[in-house]
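This report refers to the structure that appears directly beneath it.
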Amino acid sequence: MRTARAAVLAAPGRPAELREFPVPAPGPGEILLETLASEVCGTDVHLRDGRLAGVPYPIIPGHVSVGRVVEANGVARDAVGNPLAPGSVVSFFDVHATCHSCYQCLVARQPNRCPSRRVYGITYSAADGLLGGWADNILLLPGVRTVVLPEQLSVEDLIGGGCGLFTGFAAVDRAEIRLGDSVVVQGVGPVGLAAIAFARTSGAGTIVAVGEPAARRDLALRMGADETLALADARTEERAERVRAATGGRGADLVIEASGNPRAVPEGFAMLRDGGRYVIVGHYTDAGTVPVNPHVDINRKHAEVRGQWGSEFHHWTRALDTLLRYRERIPFAAVIGRRYCLEEANQALDDVEALRVTKAIIVP
């Protein structure tokens, strides 16, 4: 039987190790991919360090990937009706197995909170097979929503954004940006960069990006920010004053937190105008608490606060459509800092954690 190599996280706190797995013949409704690229994101650092609960170690990480179809058993079209065949270059929505029958799915219409949801590269064990992107091959189970990449989009266009591409789009969708709205994006990693890009294509007015390091702030300007603010050069009140100066003294109509740092939250309230909207999307793990004054920050300010947990498939497809239309203006391929082979997975994790690269990708 043919085998595939995969980088495996065997347990929290342990480095990734290379293992071999049998490559299965796809069953009915399944698709076998040859992996072309898989992202390394902050979530993968959290997985290595054991900061996510309920992870069934050992796992094969890699939740957003692009691959070439090797074999498709009974699948002739992708999730949106495009022809799919061996040789097609595809990506897929990493969230799988939502039940479509619980309260969250049916009544609340929030499948991203379905208790049955599974996620490639995160909630599947390596014992389940090639269900993560850090491998030579990926097996797509029946019902995984797969989309053939348009010819105009390269692998790098999609994987340069990675999961941040879709999460950032979901955050902007949740923010309900109106034409001309002033926006602050806290954080200039992949989620923040995507939020900047999609805020700009949504017709936002002034966009201010806050974060480190300088190379990421440069990318923020390329993605559509009008101004960037460093964290090291000023205190919270000075940055808030810069935002007020850029918005006629009012503060921003919308603030999107994409940093994952709890200290960003009080600062975000300080940057928000009275009656503004604050969307918090960056806290995928529990990074701790910070003091918030309900009277000053929320009630007296008449602020609206919204959380956004991940994304849904409609975000995924709409983000791809928007990327296709505006690909010259939102250069996600430029976000890729370095490509790593499977043997270099630990170096990739270290580089992402140390902010040495904005987007690392695994190319088996």
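Just so you know, all these numbers are worked out from the coordinates, no wet-lab data involved. No experiment lies behind these values; they were computed from the predicted model shown. Don't worry about glycine lacking a Cβ; one is built from the backbone with ideal geometry, like all the others, and counts go over all protein chains shown.
Annotations for the structure displayed:
- Cα gyration tensor, the range 164-307 - rounded (a/c under 1.5), prolate or oblate: rounded
- Of the GluC sites (Glu not before Pro) in the range 270-364, the ones in a loop by DSSP (not H, G, I, E or B) with at most 15 other beta carbons within 10 Å are Glu328.
- Shape index of the range 150-195: Rg/Rh, with Rg the Cα radius of gyration and Rh the Kirkwood radius from the inverse mean 1/r over Cα pairs, equals 1.05.
- If the chain linking Asn73 and Asn346 were pulled fully straight, counting 0.36 nm for each residue of separation and taking away their Cα-Cα distance, it would gain 94.9 nm.
- Cβ-based exposure ranking for Trp316, Trp309, in which fewest neighbours within 10 Å come first: Trp309, Trp316
- If you run the Gaussian network model on the chain, springs between alpha carbon atoms under 10 Å, then out of Ser91, Ser154, Ser38 the most flexible one is Ser154.
- Note on Leu221 and Ser101: with the Förster distance fixed at 41 Å, the Cβ-Cβ geometry gives a FRET efficiency of about 0.35.
- Per-residue ellipticity at 222 nm, computed for the chain from helices alone with -39500 (n - 2.57) per DSSP H run of at least four residues, works out to -7500 deg cm²/dmol.
- Among Cys163, Cys341, Cys102, the residue with the largest mean-square fluctuation in a Gaussian network model of the chain, with springs joining Cα atoms closer than 10 Å, is Cys102.
- Highest-MSF residue in the chain out of His302, His63, His46 [GNM, Cα springs under 10 Å]: His302
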